[in-house]
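Down below is the structure, laid out as structure tokens.
The values are calculated or read from the model by the stated rules, or taken from the named source; none is laboratory data. Source: prediction; values computed, not measured. Please note: Cβ atoms are built from the backbone with ideal geometry, for glycine as well, and neighbour counts cover all protein chains shown. Protein only, heavy atoms only, side chains kept; ligands, DNA and RNA dropped before computing areas. Shrake-Rupley method; radii C 1.70, N 1.55, O 1.52, S 1.80 Å.
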Amino acid sequence: MSFVTVRRTKLFLALLLLLTMVTGAALSARAAEVVTNLELDKEEEIHLYVDHDTVQLKALATLEGVAAKKDVTTTAVWSTTSASIVKADKGKLTPIGAGSAKVSAKYGGKTVTIDVEVDFLYEAVRLNVDGPVSVELQDQPLSLTASAVETDGATFDITTSATWTSSDASVATVDDGKVQLLKKGTTTITARYKGRSDTVTYTVTSPYKALEIEYDGDYEFTVGQDPVKLEAVATLLNDKPEDISEEASWTTSNSAVVSVEDGELTFKGAGVADIQASRFGHTAKVSVVVRLPYQALVLTPAKPVNLFLSDAPIQVEATVANDFNPENQRDVTDEAEWTTSNPLVASVDDGLIKPRGAGTAEVTVTYKGLQKKIDVTVMPVVDGLHLDETEMTLFKGEVASLPDVYGKDLNGTEYSFAELAEWTSDDESVVVVEGGKLKAKKPGSAKITMKIRNEAPQKLEVTVREKALALLSGTASYSLVRGETSPLPAVTALLEDGSEFDISGSIEWTASSPNLLLSGSTMKALLNSKVTLTGTYLNKKITIPVTIEDKMTNVVVDPIAVTLNPKRSQSIKVTGKDSMGKTVTLSRSVTWTSSDTAVATVNGATAKAVAEGTTTLTASYQGQTLTVSVSVVPKLQKVVLSEKSAKLAVGGTTTFVLTAYYDNGTTKDVTNQATWSSANVGVATVASGKVTALKKGSASVKAKFDNKTATARVTVQ
């Protein structure tokens, strides 16, 4: 069995146990409740009328040992001897049909019953028309009335009170007895009131056999041509034709193409539309094709119109054409329809556009289904035009937005005219204006001239430089003392052509926190924190981390000298004392550099040996220079004695040589650097590898060097 299956089985058993406990508690509570009597709040027979009234009964239980009666209406089990006469739902009695029935409530082993009598309030409902009835669609309107009949034969009008329905609402609808005939067919109209109803069946026919649309010609037209009259002709039951054009209901599937009224077509736009005529259940339809009489509507001038409020009106001409031959073009300026979206800005009359007020408007020209629009901008009278930038520096290949052009009107309101300006460059080999943008082509300088109508031209000086590859600074990070002021970093730009130049005076500096105050060419540390200093110069940025701390004293580096095997690492710990005398760990605040990264590298506060040699780790902290010397030596693999055993006479001597073997393949005599010992100094002693025999016996001689050991057996005879 899987782990998931076991978990699901346990969960199921837990839920089953919980359900058993809850059910048992409920049963226990019920078992403790003893019902001695059950009664209803009504004792006499109940009399109801269908669709007229209902009664809500209450079931009250008397419990043993409880003085107050308990309302068990919603928990009791209710039943009726005839659901077709009366419905009982939680004590609510709803009459269904005439007759007698008994309603019972059961609770706690007790049952109580009451008699219910149900009648209709009226003997019958009668319509003023007996069916079936045959009618024609033209027999409109039809009106029915409904009456309620009492037991004594008296009647009264219930037309507006009855519920009316139609068995087929697509043939006829009914509302308060008003019958609307819609199409041929059969439907039954029913009026229902207080459980009684009456019906009448209508068979609806049409006076027509057929309906057709007639027109002497093809159904192809052109926009703007004279209206065309269609005829709707119905064939009567006696086969005689009848013109019903004015009586028929006419519709179009696309009023933007063609409209229709009493059969008359008006052609508005190119396209296809279905024209339909309907009457008395019959419908006829034709498809109409509307074409443009011309292929193009040409405006002169065609580009947007820009006017100052003081300018004279400008005339726009409209011509239509079906080909490129100028002789076949026709001037329709006076025939076209000209409108303006904003007459407060510009008015238009037969193509003559007059400036009326500062702002924008759209002039629309329409002629026989063709339409063109012209954007019109009216500028106020201004005190002259100005550029928001007169000098700009770009990198080669850079694309930049043109400066904004603005001017102030007589009220001092400032307007932008950038979209109306025409720009030219005096040296397009350096800078060119394309698509409303400046594009730097090569290093150099160029003058860009801005011109708007008759206003005085404005000049923009553009200098193009080689693109910067990177921004360089000799300082990788800063550690500043709170309250200290320091010069901003010196920065050099490295360009794509390999040249460098000092941009310290041109770079823009920002700090990620107000804890570092930038002012002119200096920065001042205000509060302890870590801040990012960001310098921006044209297309490049440089970031330098700055740590602001209290002044530290007694800065200690541990260790100050390190000996490592290749690929081994050593942490460098730096501590200091703050102004309160508390020792603070500064390791993360110090940035170390290695004088020879081929020997050892440093990452954060960890030095890592690379290859045999020596190097110096250097760091600067709060003006103090910190150093750690690092020696990288090969890794010792083993030490080996020159002999594994020796035999000596009493008083005799011998000398062992200890050789160290390293991972780079080199060896070294370390006899004098090793630590020597004898396991039995009464038999033999050893010093710097020299063994002296003292008496007969045996002893083990051990040499230890850099945690590596070697042993030899000495026997004295």
Relative to the present Cα-Cα distance, how much length would full extension add between SER700 and VAL584 at 0.36 nm per residue of separation? 36.6 nm
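State which entries of LYS229/LYS268; LYS209/LYS268; LYS668/LYS690; LYS268/LYS354; LYS303/LYS451; LYS408/LYS441 exceed 23 angstrom in Cα-Cα distance in the structure shown.
Long pairs (Cα-Cα over 23 Å): LYS209/LYS268; LYS268/LYS354; LYS408/LYS441.
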How large is the accessible surface per residue of the chain, computed with a 1.4 Å probe and reported in Å² as a whole number? 56 Å²
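To the nearest 0.05, how large is the calculated FRET efficiency for LEU518 and LEU352 if R₀ is 60 Å and r is the Cβ-Cβ distance?
Rounded to the nearest 0.05, the efficiency is 0.50.
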Provide the solvent-accessible area of VAL378, counting protein heavy atoms only and rolling a 1.4 Å probe, rounded to the nearest 10 Å². 0 Å²
Note to self: C-alpha centroids of the range 295-365 and the range 605-651 sit apart, in Å, by 93 Å
So what are the radius of gyration and Dmax for the Cα set of the range 559-717, in Å? 23.2, 73
Taking just the C-alpha trace of the range 490-596, give me its Rg and Dmax in Å. 18.6, 54
Give me the percent of the accessible area of the chain that comes from carbon and sulfur atoms, probe 1.4 Å, all protein chains in place. 48 percent
Mind putting together the pair-distance distribution for the range 219-273? All Cα pairs, 10 Å bins, whole percent per bin, short to long. 24, 45, 22, 9, 0
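Could you calculate, for the range 461-504, the ratio of the Cα radius of gyration to the Kirkwood radius, expressed as Rg to Rh?
Working: Rg = 14.4 Å, Rh = 12.6 Å.
Using only Cα positions, Rg/Rh for the range 461-504 is 1.15.
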Please report, in Å, the Rg and the Dmax of the range 80-191, where both are computed over Cα atoms only. 20.4, 69
Please give the length that would be gained between ALA649 and VAL399 if that part of the chain were fully extended, namely 0.36 nm times their separation in residues minus their C-alpha to C-alpha distance (nm, one decimal). 80.2 nm
Which stretch or stretches of the range 457-479 have amide N atoms under 16 Å from the point lying 7 Å from THR597's Cα along the Cα→Cβ direction? 473-477
Difference of contour (0.36 nm per residue) and Cα-Cα distance, LYS102 to SER677: 195.1 nm
Determine, from the Cβ-Cβ distance of SER287 and PHE156 and an R0 of 51 Å, the FRET efficiency 1/(1 + (r/R0)^6), rounded to the nearest 0.05. 0.35
On a 1.4 Å probe surface of the protein chains, which of THR333, THR360 comes out largest in accessible area, and what is the full order? THR360, THR333
